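A.B. asks: My structure is below; once you've seen it, I'll send some questions.
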Amino acid sequence: GGDVAIRAPRGLEASLYASERYAPPPVGDGPLVALGGRVHALLADTDASYVEVRAAASRWLAAAPSADDALACVDERGRTLLHAAVTRGDSLLCAQLAAVGGGALVSALDDEYNTPVHVAALYGRTLALEKLLPFATPALLNERNKLLMSPLQLCCCDDAPGSPAAAALLVKAGADVNARCWDKTPLMCAAACEHAELVEELVMELGADPMIRNGEMHMAADYCRVVSTSEFLFGVMEGRFMSEKAAPSFVREDRGDDDGGGWFRWTRDVPLADALATLEVSADKLDAFERHGDHAAAVRQAWRRLVLFYHPDKRPADYDAWPEVRRKEWNGKFHAVQRAYEACEAHLAGLDERGDERDEE
């Protein structure tokens, strides 16, 4: 699989459809399947006590079922016991079932091509997700069900509670935060479904891009039904929130140089063309940005996206296991993004200063 990071895993296919790997449940051991049916019935019964469910599930687990036996224990909708445990919200049972067969149940599909991860995302079951994700690959986290919805899309839809914590777990484990389902990104979906806190989490913490347009040329802000959410997204796009969390500068030259340079003297050594290239801003914006400061919001948006990707707090889970050369490359990219951004900000400040001087004249 690709690196686990805030952005989409490198090399991940754009579309992954569960229908391509769906297969009917295997034939399992008769007594185990019958006992599994009893557990299914108790999990579906809202009046069943925790003790009853725990006793039946413990008997089933004590029989040491194989992966095929576990996959054979399905209800009338093709759901495994793990699907049912996630729906009920029994995180302890989820942890036990997820470990059966080396995680075989985590990737199991029901009749709607939903994995237990899809179900946990839909219901906002963060405790259950924490038990499932160690067995889930980035490909599984981006897999589409029969309705062509990924787990993150289900987390953001109208039927979901819109859990920011669940979305954060999915994205940090490898879900593509900008992947489209039905030509809508998760951010568009969350905005349309009035999940205000989820919108803020996706944009400010998880790196969702509010500037993406779909085939109808709509952005996430166009789907907002609440004025405050719309104002928030427009503020992000205009760069008005950038100053609230100033980007820290980890690479600074010492003060007191002979030429009188200060903390940011080195920013003059980064040509604007190189700075925009580092921030992955299109080269055709260079002339207007250099002359008049146009596209400043786009530059700030590009910086925010990249700094969230390479920030030390957003390192992949396996970062410490990387070779030293690879770790230095990752850290170097973060510093390069910071230098490029501050060079752009220094240029804008210079333009403003020259404009003030002309006004005084």
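A.B. asks: Being open to solvent by 50 Å² or more (accessible area, probe 1.4 Å) and either in a helix (DSSP H, G or I) or modelled with pLDDT under 90 (or both) narrows it down to one residue among Gly239, Gly215, Gly207, Gly235; which is it?
C.D. replies: Step by step, each of Gly239, Gly215, Gly207, Gly235 is checked, and only Gly215 is open to solvent by 50 Å² or more (accessible area, probe 1.4 Å) and either in a helix (DSSP H, G or I) or modelled with pLDDT under 90 (or both).
A.B. asks: Tell me, which helices (runs of 4 or more DSSP H) lie completely within segment 114-154 with 1 or more residues that are within 16 Å of Thr80 (Cβ to Cβ), open to solvent by 10 Å² or more (accessible area, probe 1.4 Å) and of a type in the set (A, V, I, L, M, F, W, C)? Outline the logic, then answer.
C.D. replies: On the way: elements: 116-123, 126-132, 138-141.
Qualifying helices (runs of 4 or more DSSP H): 116-123, 138-141.
A.B. asks: Condition first: crowded, with 18+ Cβ neighbours inside 10 Å, among the small types (Gly, Ala, Ser) and not in a helix (DSSP H, G or I). Now tell me which residues in segment 91-111 satisfy that.
C.D. replies: Listed by number, the residues that qualify are Gly103, Ala104, Ser107, Ala108.
A.B. asks: Quick check: anything in segment 312-333 within 29 Å of Leu233 (Cβ to Cβ), of a type in the set (A, V, I, L, M, F, W, C), modelled with pLDDT under 90 and surrounded by fewer than 19 Cβ atoms within 10 Å (Cβ to Cβ)?
C.D. replies: In the first step, residues of segment 312-333 are kept if they are within 29 Å of Leu233 (Cβ to Cβ); the result is 312-316, 333.
Then drop every residue that is not of a type in the set (A, V, I, L, M, F, W, C), which leaves none.
Checked segment 312-333: no residue is within 29 Å of Leu233 (Cβ to Cβ), of a type in the set (A, V, I, L, M, F, W, C), modelled with pLDDT under 90 and surrounded by fewer than 19 Cβ atoms within 10 Å (Cβ to Cβ).
A.B. asks: While we're on this one: Could you please tell me which pairs satisfy a Cβ distance under 8 Å, a separation of 6+ or placement on different chains, a first residue in segment 311-331 that is touching a residue at least 12 places away in the same chain (Cβ under 8 Å), and a second residue that is exposed (fewer than 12 other Cβ atoms within 10 Å of the Cβ)?
C.D. replies: Once the first residue is touching a residue at least 12 places away in the same chain (Cβ under 8 Å) and sits in segment 311-331, its partners that are exposed (fewer than 12 other Cβ atoms within 10 Å of the Cβ) give Asn331/Pro312.
A.B. asks: Is it the case that Glu201 is buried (at least 18 other Cβ atoms within 10 Å of the Cβ), of a type in the set (D, E, K, R) and either under 26 Å from His83 (Cα atoms) or out of contact with any helix residue (DSSP H, G or I) (no Cβ under 9 Å at 6 or more places or on another chain) (or both)?
C.D. replies: On the way: buried (at least 18 other Cβ atoms within 10 Å of the Cβ): yes; of a type in the set (D, E, K, R): yes; either under 26 Å from His83 (Cα atoms) or out of contact with any helix residue (DSSP H, G or I) (no Cβ under 9 Å at 6 or more places or on another chain) (or both): no.
Against the criterion (buried (at least 18 other Cβ atoms within 10 Å of the Cβ), of a type in the set (D, E, K, R) and either under 26 Å from His83 (Cα atoms) or out of contact with any helix residue (DSSP H, G or I) (no Cβ under 9 Å at 6 or more places or on another chain) (or both)), Glu201 does not qualify.
For every residue, the table says whether it meets (1) assigned to a helix (DSSP H, G or I); (2) in contact with a Ser or Thr (Cβ under 6 Å, 6 or more places away or on another chain); (3) of a type in the set (S, T, N, Q); (4) open to solvent by less than 60 Å² (accessible area, probe 1.4 Å).
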| site | (1), (2), (3), (4) |
| --- | --- |
| Leu43 | yes, no, no, yes |
| Thr46 | no, no, yes, no |
| Arg54 | yes, no, no, yes |
| Ser58 | yes, no, yes, yes |
| Leu61 | yes, no, no, yes |
| Asp69 | yes, no, no, yes |
| Leu82 | yes, no, no, yes |
| Thr87 | yes, no, yes, yes |
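A.B. asks: Follow-up. Can you name the number of the only condition in (1) assigned to a helix (DSSP H, G or I); (2) at pLDDT 90 or above; (3) of a type in the set (S, T, N, Q) that Thr267 fails?
C.D. replies: Going through the list (1) assigned to a helix (DSSP H, G or I); (2) at pLDDT 90 or above; (3) of a type in the set (S, T, N, Q), Thr267 breaks only (2).
A.B. asks: Continuing with the same structure: Could you look through segment 277-310, keep only residues that are free of Cβ contacts under 8 Å to residues at least 40 places away in the same chain and outside any helix (DSSP H, G or I), and pick out the one that is most open to solvent (accessible area, probe 1.4 Å)?
C.D. replies: For segment 277-310, the residue satisfying everything is Glu280.
A.B. asks: For a quick check of your reading of the model, give me the residue pairs whose first member lies in segment 177-193 and is part of a helix (DSSP H, G or I), whose second is among the aromatic types (Phe, Trp, Tyr) and surrounded by fewer than 24 Cβ atoms within 10 Å (Cβ to Cβ), with beta-carbon atoms closer than 7 Å and at least 6 apart or on different chains.
C.D. replies: Going by the 7 Å Cβ cut-off, the qualifying pairs are Met188/Tyr223; Ala191/Tyr223; Ala192/Tyr223.
A.B. asks: Among the numbered criteria (1) in contact (Cβ under 8 Å) with a residue 40 or more places away in the chain; (2) touching a Ser or Thr at 6+ places or on another chain (Cβ under 8 Å), which single criterion is violated by Val106?
C.D. replies: (1)
Yes/no matrix, rows are residues, columns are (1) hydroxyl-bearing (Ser, Thr, Tyr); (2) at pLDDT 90 or above; (3) within 30 Å of Asp176 (Cα to Cα):
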position: Gly2; (1), (2), (3): no, no, yes
position: Pro9; (1), (2), (3): no, no, yes
position: Glu20; (1), (2), (3): no, no, yes
position: Pro31; (1), (2), (3): no, no, no
position: Ala41; (1), (2), (3): no, yes, no
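A.B. asks: While we're looking at this one, here's another question. Scan segment 81-122 residue by residue and report those that are under 21 Å from the mean Cα position of the chain (by Cα) and closer than 19 Å to Trp60 by Cβ.
C.D. replies: Val86, Val106, Pro116, listed by residue number.
A.B. asks: Only residues in segment 59-75 that are of a type in the set (Val, Ile, Thr) count as the first member; pair them with residues that are in a loop (DSSP other than H, G, I, E, B) and open to solvent by 30 Å² or more (accessible area, probe 1.4 Å), Cβ under 9 angstrom, at least 6 apart or cross-chain, and list the lot.
C.D. replies: Pairs found: Val74/Pro25; Val74/Asp111.
A.B. asks: Can you tell me which residues in segment 16-41 are in a helix (DSSP H, G or I) and touching a residue at least 60 places away in the same chain (Cβ under 8 Å)? Quick ask: steps written out before the conclusion?
C.D. replies: Going residue by residue through segment 16-41, those that are in a helix (DSSP H, G or I) are 18-20, 30-41.
The answer is Ala18, Ser19.
A.B. asks: I'm checking my understanding of the structure. Among residues of segment 164-188 that are modelled with pLDDT under 95, surrounded by 24 or more Cβ atoms within 10 Å (Cβ to Cβ) and among the small types (Gly, Ala, Ser), which one is farthest from Val199 (Cα to Cα)?
C.D. replies: So the residue we want is Gly174.
The values are calculated or read from the model by the stated rules, or taken from the named source; none is laboratory data. If you're wondering where the values come from, they're calculated on a predicted model, not measured in any experiment. Neighbour counts run over all protein chains shown; Cβ positions are idealised from the backbone, glycine included. Protein only, heavy atoms only, side chains kept; ligands, DNA and RNA dropped before computing areas. Shrake-Rupley method; radii C 1.70, N 1.55, O 1.52, S 1.80 Å.
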